[in-house]
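Report on one structure; see the data block that follows.
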Amino acid sequence: MDFKDMTVGEFARGIGAELPVAGGGSAAALSGAYGAALVSMVSRKTISNNKYTNVKHRFQEVDRQCAVLRESLLDDIQNDIDSFRKYKTALALPKVTQEESAVRNAAMQNGLKAAVQTPLEVAEKSVKALALCREAIEKGNRNAGPDALVGALLLRAAILGAVYNIRINVKTITDEPYRREMLNRAKDLEETAIRQEAEILSLLPELTHTK
């Protein structure tokens, strides 16, 4: 069964199992999908409210984009699992002869790059959704502010979780130009997420200030 088709309970129990088949990368993708879904919710609440007719068409587009991001992030739950399995399969290859070791090392490097690519895509998609979330908070239905804020926090968690997975997985990649590029892209994504979160929090003082 594809992990995105599991119930919420099945997925949570699968992660917490003694021999888990999904981990932090898949959880980050799910967090991003939930965040994008909440931005869709805010968009629809804006579209259906007559006070916001001037932005109705724009939020129809925001809703459409978030639906695409949500489905893609749901696919990344399984993609992350598959990339990890690819690396584990490479680890199990024989390494008795020089030739076998060379084949194994090449397969391991390819597996590691796959394990970097999925979280990179999760972070990039979640950054796009976070920008749409900011727009929803700024121009959308104010009554849906708490929903949008939860969406923003979930997207931030998805981005930072994915970024940390990138940093872990590039450590043993021997392709130095590739490694540097991935680390730089991860840094940019992290900084964007932190900046956007701060901007979003400033737009909702009634929710984020304790006094």
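Summary of computed values
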quantity	calculated
Positive minus negative residues near LYS139 (Lys, Arg vs Asp, Glu; Cβ under 13 Å)	+3
All-pairs alpha carbon distance profile, region 142-211, 10 Å steps from 0, percent	19, 38, 24, 14, 5, 0
Chain lengthening between GLU100 and ASP82 when straightened (0.36 nm per residue, less Cα-Cα)	4.2 nm
Proportion of all alpha-carbon pairs of region 45-152 beyond 15 Å (%)	70 percent
Positive-pole candidate from MET182, SER31, ALA106, dipole of the chain, charges at beta carbon	SER31
Rounded to 10°, Cα long-axis angle of helix 56-91 versus longest principal axis of the chain	20 degrees
Around GLN196: net Lys/Arg minus Asp/Glu count, Cβ-Cβ under 12 Å	-2
Tail beyond 24 Å, pair distance distribution of region 90-211 (Cα, percent)	43 percent
Helical contribution to [θ] at 222 nm, DSSP H n ≥ 4, -39,500 (n - 2.57), averaged over the chain, rounded to 500	-28000 deg cm²/dmol
Rg to Rh, two decimals, where region 48-103 supplies the alpha carbon set and Rh follows Kirkwood	1.51
Net dipole in debye of region 3-208 [+1 Lys, Arg Cβ; -1 Asp, Glu Cβ; about Cα centre; nearest 20]	260 debye
Whole-number percent relative contact order across the chain, with pairs defined as alpha carbons under 8 Å at least 6 apart	26 percent
Size-normalised alpha-carbon gyration radius of the chain, reference 2.2 N^0.38 Å	1.17
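No lab work stands behind these numbers, since they all come straight from the coordinates. Keep in mind it's a predicted model, so treat the numbers as computed, not measured. Here Cβ is always computed from backbone atoms with ideal geometry, including for glycine, and neighbour counts include all displayed protein chains.
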